[in-house]
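Inspection log for the structure reproduced underneath, given as structure tokens.
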Amino acid sequence: MDKKSKTLKNLKKSYLPEGEGFSSVDLVYQCLIDKDKFNAFSSVLKKYISNSSKILDIGTGSGILALIAGKLGAKNVLAVEFDPTVSKIANNNFKQNNLSHKIKIITGDARILDLSKYKFDLIVMELLATGLVDEMQVEVVNSLYDQGLISSNTIVVPFAQENYLTLAYTDFNLYGFNMKMIKHLWSHDNNDNSFDLISDQILMNRIVFNTKNNTKFSKSFNFKIKKTGKINSIYLTSNVFVDGKGEFILGSTHSLSPMVFIPIEDRNVKKGEIIKLKVSYLMGGGFNNFKINYIK
């Protein structure tokens, strides 16, 4: 082996193994300090949990919802977390708060875990993202459904998510450059002057989490233009129905469902005009699978 090859080999050894360079700990903490989400989820859990409750917490993260369930008197809680580092943090939180006798944690991918030997009264999942594009909530629900753990009578928190589309003009300029790319704006960002909504809002889909759903979505929509101008993006938003009665509904919060602007071909439009678009994507498949096409 020549000197150059040896150097490259040594360099490779000095780096982290593939996939271990990204840390999800910051995102977990952002979820933890999201008071709007915490208050809504904890309020709903209080309504349903008793001392005989058996709880499944998918995507436990910091473990906060499992801790709430344990503190509310649940008989036992099974928490599932995909990320090994985050799983260790959650397990340590259970121990520090003297609830590890009630809460068991499993590290693994909830889409493929065999949980069929368990029975649960309530399932809580926080695998949520705008449009359910980037997270695996629907795939996990389908797996639990196939294992007989979810039926129409199962209490699932959250209960449902509605996803909406609006045609918009978005300012994609940053630092003197045109950066036309998928744009996420959180509720705590300064968003007032960065976009203009040009069409009416349309319900794209409503996903209920106590039944099986198709992960593949494809549908055509007719948007009515509200004002003359230009469109260059689709504005994607979501509302999460934390309970089935609609008492607790969350839009964009500190860590949940940011507003998303997806670039489309620029087009001048007139008030009253109808613009037809076809939208298709794979839930949990990421925005590289989110396709938008004009229909002539």
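At a 10 Å Cβ-Cβ cut-off, how would you order Glu273, Glu139, Glu265, Glu247, fewest neighbours first? Write down the numbers at each step before the final one.
Working: Glu273 15, Glu139 21, Glu265 9, Glu247 12.
The order, fewest Cβ neighbours first, is Glu265, Glu247, Glu273, Glu139.
Count Lys and Arg as plus one, Asp and Glu as minus one, and take only other residues whose Cβ is under 9 Å from that of Tyr294; the net charge is then +3. Rank Ser255, Ser50, Ser194 by mean-square fluctuation in a GNM of the chain with C-alpha springs under 10 angstrom and give only the top-ranked residue. Comparing Ser255, Ser50, Ser194 in a Gaussian network model of the chain, the most mobile one is Ser194.
Here the Gaussian network model covers the chain, with springs between Cα atoms less than 10 Å apart; of Asp26, Asp34, Asp196, Asp26 fluctuates the most.
When the Gaussian network model of the chain links Cα atoms closer than 10 Å, the mean-square fluctuations of Met204, Met179, Met136 top out at Met179. As a proxy for reagent exposure, Ser187, Ser143, Ser152, Ser238 were ordered by neighbouring Cβ count within 10 angstrom, fewest first; the result is Ser152, Ser187, Ser143, Ser238.
Taking amide H as placed 1.01 Å from N in the peptide plane, Ser53 has its amide H under 5 Å from the amide H of Lys75, each at least 5 places away in sequence or on another chain.
Listed values for the range 131-142 are Karplus-derived 3J(HN,Hα) couplings in whole Hz (6.51 cos²θ - 1.76 cosθ + 1.60, θ = phi - 60°), namely x, 6, 7, 9, 10, 9, 3, 5, 4, 5, 4, 4, and x replaces Gly and Pro.
Under the convention that each Lys and Arg Cβ holds +1 and each Asp and Glu Cβ holds -1, the size of the dipole of the range 161-296 around its Cα centre is about 720 debye.
When we measure straight from the Cα of Lys278, which aspartates and glutamates land under 15 angstrom away, once same-chain ones fewer than 8 places off are left out? Here the aspartates and glutamates satisfying the reach criterion relative to Lys278 are Glu265.
Would you mind classifying the chain by shape? Square roots of the alpha carbon gyration tensor eigenvalues, ordered a ≥ b ≥ c; an a/c under 1.5 is rounded, otherwise it is prolate if a/b is larger than b/c and oblate if not.
Working: a/c = 2.00, a/b = 1.29, b/c = 1.56.
Oblate is the answer for the chain, as a/c is 1.5 or above yet b/c matches or exceeds a/b.
Of the residues Asn76, Ile106, Ser62, the one whose Cα sits farthest towards the positive end of the charge dipole of the range 24-126 is Asn76 (charges of +1 on Lys and Arg Cβ, -1 on Asp and Glu Cβ, taken about the Cα centre). Exceedance of the 22 Å cut-off in Cα-Cα distance is limited, within the set Lys227/Lys276; Lys37/Lys75; Lys37/Lys224; Lys180/Lys291; Lys117/Lys245, to Lys37/Lys75; Lys37/Lys224; Lys117/Lys245.
Here the ratio of the Cα radius of gyration of the range 215-268 to 2.2 N^0.38 Å is 1.50. Counting 0.36 nm for each residue step from Asp109 to Asn178 and taking away their Cα separation leaves a gain of 21.0 nm.
Tell me the relative contact order for the range 161-296 as a rounded percent, counting alpha carbon contacts under 8 Å between residues six or more apart.
Values: 296 pairs, mean separation 42.0, N = 136.
The normalised contact order for the range 161-296 reaches 31 percent.
Loop-located trypsin sites (Lys or Arg not before Pro) in the range 220-249 (DSSP state other than H, G, I, E, B) with a sparse environment of at most 14 neighbouring Cβ atoms within 10 Å: Lys227, Lys245.
Here, each number is a calculation from the coordinates, and none is a lab measurement. The structure presented is a predicted model; accordingly, all values stated were derived computationally and were not measured. Virtual Cβ from ideal backbone geometry, glycine too; neighbours counted across all protein chains shown.
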